[in-house]
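The values are calculated or read from the model by the stated rules, or taken from the named source; none is laboratory data. If you're wondering where the values come from, they're calculated on a predicted model, not measured in any experiment. Neighbour counts run over all protein chains shown; Cβ positions are idealised from the backbone, glycine included. Please note that ligands, DNA and RNA were not included when accessible areas were found on the heavy atoms of the full protein model with its side chains. Shrake-Rupley method; radii C 1.70, N 1.55, O 1.52, S 1.80 Å.
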Amino acid sequence: MATGINAVVFFSPQLFGGIGSFGEGAKGGLIASAVIGAVQVGATLVGVVVVDRIGRRATLIETSIQGCLAELALAGLLAYAATDSSAQMSHTASIGAIVLVCVFIASFGWGWGPLGWLVPSKIQPLNTRSAGQSITTFVQLTSGATVGQTFLSMLCSMKYGVFVLFGMSHLFGGFIFYFLLPETRGIPLEKVADHVRAHWACRHVCYKNGQIPTEAPVDTTLLVDRKTTRSTDTEVL
């Protein structure tokens, strides 16, 4: 949510009505909003189909790069085409802006959007999954609400710089995914936690001296002494 997806979706009528992507005023803004919604739905469907073929980690890294480049290009376009004396951009620049926003929306639709919920739910151990998902939901909704409430103020003060900020959020996320996120495609749910603990970034925290145990520890409380069991059975008889 920190990438600005909610801001672009919520305020697309005002944003694109101002730059004249599909005509002037509210009508053009609403048309642009409908186009963005259609792109997001289509990209989400694509993500559902391809995510298990190319992997979660690869998808997140690719969409981070795509979203970062799209938002930086949009910032550059707005900086180049928009002027203080003109309320409208040229037709070519406005079409370029909506194309770049659609590229950004597509990157979120098949990457950060669905995988932002799927990956946290899968990498959590079974005994902490409910708490982990609660934290994930809290962070997602809080960041989305914060960006939604501050976007217009940031747009007025930072102008095109707000999209540079969102692009840097994509870039930061891409580094996190590349260095810290293990691939979980094809791994059974009950084995994902051990797979994550064995990742180089986690093993020194989860295991003593970073050494992965070769055998699972045996819970001695579950072992039953055969002699005690036999004597007990004899007394009962």
Among 165-172, 201-208, how do they line up by average Cβ neighbours within 10 Å per residue, starting with the highest? 165-172, 201-208
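Report the FRET efficiency, 1/(1 + (r/R0)^6), for Phe10 and Arg197, where r is their Cβ-Cβ distance and R0 is 41 Å, rounded to 0.05.
In this case the efficiency is close to 0.60.
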Averaged per residue, the 1.4 Å probe accessible area of segment 91-155, protein heavy atoms only, in Å², is roughly 47 Å²
Rounded to the nearest 10 Å², the 1.4 Å probe accessible area of Phe10 is 120 Å²
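Can you pull the percent of segment 26-169's accessible area that's carbon plus sulfur, 1.4 Å probe, other chains left in place?
Working: 5190 of 7250 Å².
For segment 26-169, the apolar C and S fraction of the accessible surface comes to 72 percent.
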How much length is gained if the chain between Phe138 and Val49 is pulled fully straight, taking 0.36 nm per residue apart and subtracting their Cα-Cα distance, in nm to one decimal? 29.3 nm
In µm²/s, what is D for segment 31-75 at 10 °C and 1.306 mPa s, where D = kT/(6 pi eta Rh) by Stokes-Einstein and Rh is the Kirkwood radius from Cα pairs? 134 µm²/s
If I stretch the segment between Thr146 and Ala38 completely, what's the gain in nm (0.36 nm per residue apart, minus their alpha carbon distance), one decimal? 36.4 nm
Report the label-to-label distance for Glu183 and Tyr80 in nanometres (one decimal), using points 7 Å from each Cα along the Cα→Cβ vector. 3.6 nm
In whole percent, what relative contact order does segment 32-126 give with Cα contacts below 8 Å and a gap of six or more residues? 49 percent
